[in-house]
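Reviewing the structure listed below.
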Amino acid sequence: MNRFVRLMAVTGFVAPSLACQEQKPAAPPPAAAVSSHVTEASLATVTLQPQAEARLDLRVQPVEKRSAERRRMLGGEVVVPSGNALVVTAPVAGGVVAEGGTALRPGATVKRGDVLLRLVPLATVDRDLLAQARRAADVARARDEVSAERLARAERVLADGAGTARAVEEARAERAVAGSELAAARTRLELVSRSPLESDVSMRILAPRDGVLRQVSVAPGQTVTAGAPLFEVVGVTANWVRVPLFVDEVHRVKPDVPVRVHALLSGQDEGVEALPVMGPPSADPVSATVDRFYELPASARFAPGQRVGVSLRFDAGEALLAVPASAVVYDALGGAWVYVREAEHVYARSRVDVVRQEGTDLLLGRGPREGTPVVTVGAAELFGTEFGAGH
């Protein structure tokens with residue numbers, strides 16, 4: 001009987017415990033599983049035999065730390081300075097006539113004072129314009145005939161001894177004036193007969209300065225209104241580079257120090273030096289930037305509107321690590337590495353962050369500590385040994 005009671009008691013205690021265990025949910029599986037994880041601190045090391053190291057002629061050099069100017073490469077735009085681009089407009093309404101029979105073309109070099117085209121002003125419309133031109137021609141012809149007869153009579157009187165040489169000279173001058181008036185009247189009549197709306201006076205349009213034609217807005221034979229743009233002349237003495245700076249960095253940039261301007265995507269562009277200039281105050285409230293301007297040399301081959309890279313110098317200097325450029329190797333993803341000598345004939349790969357190159361050295365933002373020996377000659381061979389010669 002007691003045995004039966006103990007069995008029932010144990011059953012009543014175990015049954016609730018089993019029920020609680022069945023109601024508890026199972027732990028979810030992990031979201032990801034990483035197998036054979038290797039950190040950069042556990043990278044493979046390369047151990048060379050003394051004979052192999054001698055054949056490779058490996059050379060090491062300690063990492064240096066030097067004080068360098070803080071620089072940044074920002075984007076800029078080549079612009080034409082204010083007043084260096086002049087737009088010439090038509091002073092009056094008229095027709096465009098090409099000078100010398102050659103039409104203007106953008107990109108042509110011009111000199112100040114060159115006649116680029118002619119503008120024939122439009123005359124007011126008159127109902128009897130053609131009749132007036134004919135009348136003027138008839139009057140001029142009559143005067144010419146009268147002056148011719150007067151000159152002939154004066155010469156006969158002088159030949160008979162009754163006249164004077166002065167009278168003959170006056171008659172010749174009157175004859176010349178009458179001939180000029182007749183020629184002008186005939187030209188006027190011919191022009192009015194061909195196109196009554198055009199006058200016989202053409203205006204020469206001159207180049208206002210030395211430069212290059214950036215834009216031509218008219219063509220020969222076209223009729224333009226007063227104030228219409230004819231062409232634009234851009235001076236080629238020196239263009240500017242506009243660099244938008246974030247408002248927090250404007251006061252950190254040295255205002256009186258030249259900058260280096262580089263062509264984008266060239267790969268081997270050494271850049272040209274540009275001098276700071278006082279440009280018009282301009283800013284962009286949307287991007288929170290303030291514009292700074294630098295003057296390019298006249299020999300710079302940058303076109304207005306071209307995007308360029310500008311290397312700026314900041315006031316605050318910084319201490320950076322320096323290694324020869326031959327000590328840095330790059331992997332397939334663009335990562336930069338150096339090989340550190342950990343022991344005799346033992347070399348380990350260490351990641352570095354390249355800031356920029358100065359001469360034959362690379363400045364590093366992150367890398368081995370100062371004084372650490374790194375391979376400067378033979379780093380590429382070590383890289384090939386670690387990953388295979390065909391890597």
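The values are calculated or read from the model by the stated rules, or taken from the named source; none is laboratory data. Keep in mind that this is a model prediction, so the values were computed, not measured. Positions of Cβ are backbone-derived with ideal geometry, glycine not excepted, and every protein chain shown enters the neighbour counts. Note: accessible area is taken over every heavy atom of the protein model, side chains too, but ligands, DNA and RNA are not part of it. Shrake-Rupley method; radii C 1.70, N 1.55, O 1.52, S 1.80 Å.
Considering only residues that are touching a Leu at 6+ places or on another chain (Cβ under 7 Å) and either surrounded by fewer than 18 Cβ atoms within 10 Å (Cβ to Cβ) or of a type in the set (F, W, Y) (or both), look in the range 220-239 and name the one that is farthest from E99 (Cα to Cα).
That would be A238.
For S266, which of the numbered conditions (1) modelled with pLDDT of 90 or more; (2) within 14 Å of the chain's Cα centre (by Cα) fails to hold?
(1)
Six or more apart or on different chains, Cβ under 6 Å: which pairs go from a residue in the range 272-292 that's basic (K, R) to one that's surrounded by 17 or more Cβ atoms within 10 Å (Cβ to Cβ)? Could you list them?
As it stands, the answer is R292/V243; R292/L245, since those pairs meet every condition given.
Taking the range 166-189 as the region of interest, how many residues are open to solvent by 40 Å² or more (accessible area, probe 1.4 Å) and at pLDDT 80 or above?
Selection size over the range 166-189: 16.
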